[in-house]
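Q: Dropping a structure here in structure tokens format, bear with me for questions.
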Amino acid sequence: MTASLPHQGPWPDEPEHPVEDRRHMIRRRALTLLIIVLLIGIPAGYLVISANQSRDSGKDKEAKYSATGLTEGWPSKLQRRIYQVPVPHPAWHVAYYETNNWKTSRLYAQFETNAAGLDAYLTGLGLTRDDLKKGHVTIGARDRKVTGWKFGENGTWSGFVHRQKNPAPTHDVLVDLSNPAYPWVFVVSRTVP
């Protein structure tokens, strides 16, 4: 036979807690619901925003790498360093296009600059204006077809081919000096990966 245990009563000095009224219960439940929503809603919102940013980044990269001709804007610093194309400051109407395959990688670039900018560009290649050969169109038909460049007979063209030992790139440079204060520069930089 089991003996029944005595029931323990309240402590004599402890006041009894009043029963929670309806108003307090509603307030407590609302506060609990708010905390749950915040704990779940904020991370969920962050994930949605992050996913949208990631998707937009992918679209930007897709547009960049699916380009089939010159794209307005500056080549990245990495591209300028790899292909050794020092676009000077100031430069306007800057555009570029990069192609890569298993045999040769090319960066096509064009820009308009001022006389000091042309000198800075040539100095960046280790050359001077004396290296420009008047009437010498150095960019071949294949490269003109890729970029859509058309070099007419009436332009004041000067150019040179800057050959370097591999893996340094080779530059085909063409300068339009029809306006000597604001020359246009066209560059094809080739490197063998």
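The values are calculated or read from the model by the stated rules, or taken from the named source; none is laboratory data. All figures in this text were calculated on a predicted structure; none of them were measured in a lab. Here Cβ is always computed from backbone atoms with ideal geometry, including for glycine, and neighbour counts include all displayed protein chains. Surface accessibility is based on the protein's heavy atoms, side chains included, excluding ligands, DNA and RNA. Shrake-Rupley method; radii C 1.70, N 1.55, O 1.52, S 1.80 Å.
Q: Here are some conditions: (1) in contact with a helix residue (DSSP H, G or I) (Cβ under 8 Å, 6 or more places away or on another chain); (2) of a type in the set (S, T, N, Q); (3) surrounded by fewer than 19 Cβ atoms within 10 Å (Cβ to Cβ). Residue 113 meets all but one. Which one does it not meet?
A: (3)
Q: Something else: Go through the residues of the stretch 167-183 one by one and say whether even a single one is surrounded by 12 or more Cβ atoms within 10 Å (Cβ to Cβ), of a type in the set (Phe, Trp, Tyr), modelled with pLDDT of 90 or more and not in a strand (DSSP E or B).
A: Yes, some residue in the stretch 167-183 is surrounded by 12 or more Cβ atoms within 10 Å (Cβ to Cβ), of a type in the set (Phe, Trp, Tyr), modelled with pLDDT of 90 or more and not in a strand (DSSP E or B).
Q: Restricting the search to the stretch 141-166, which residues are part of a loop (DSSP other than H, G, I, E, B) and within 21 Å of residue 71 (Cβ to Cβ)?
A: Hits for the stretch 141-166 are 148, 149, 150, 151.
Q: Just for the stretch 87-146: of the residues that are of a type in the set (D, E, K, R) and under 20 Å from residue 168 (Cβ atoms), which one is farthest from the chain's Cα centre (by Cα)?
A: Top of the filtered list is 131.
Q: Could you check residue 148 against (1) open to solvent by 10 Å² or more (accessible area, probe 1.4 Å); (2) over 19 Å from residue 98 (Cα atoms) and say which number it fails?
A: Tallying (1) open to solvent by 10 Å² or more (accessible area, probe 1.4 Å); (2) over 19 Å from residue 98 (Cα atoms), residue 148 fails exactly one: (2).
Q: Any idea how many residues of the stretch 93-110 are in a strand (DSSP E or B) and either exposed (fewer than 13 other Cβ atoms within 10 Å of the Cβ) or of a type in the set (Lys, Arg) (or both)?
A: Summing the residues that are in a strand (DSSP E or B) and either exposed (fewer than 13 other Cβ atoms within 10 Å of the Cβ) or of a type in the set (Lys, Arg) (or both) in the stretch 93-110 gives 3.
Q: Another one. Given (1) at pLDDT 90 or above; (2) closer than 18 Å to residue 72 by Cβ, identify the lone condition not met by residue 84.
A: All conditions pass for residue 84, except number (2).
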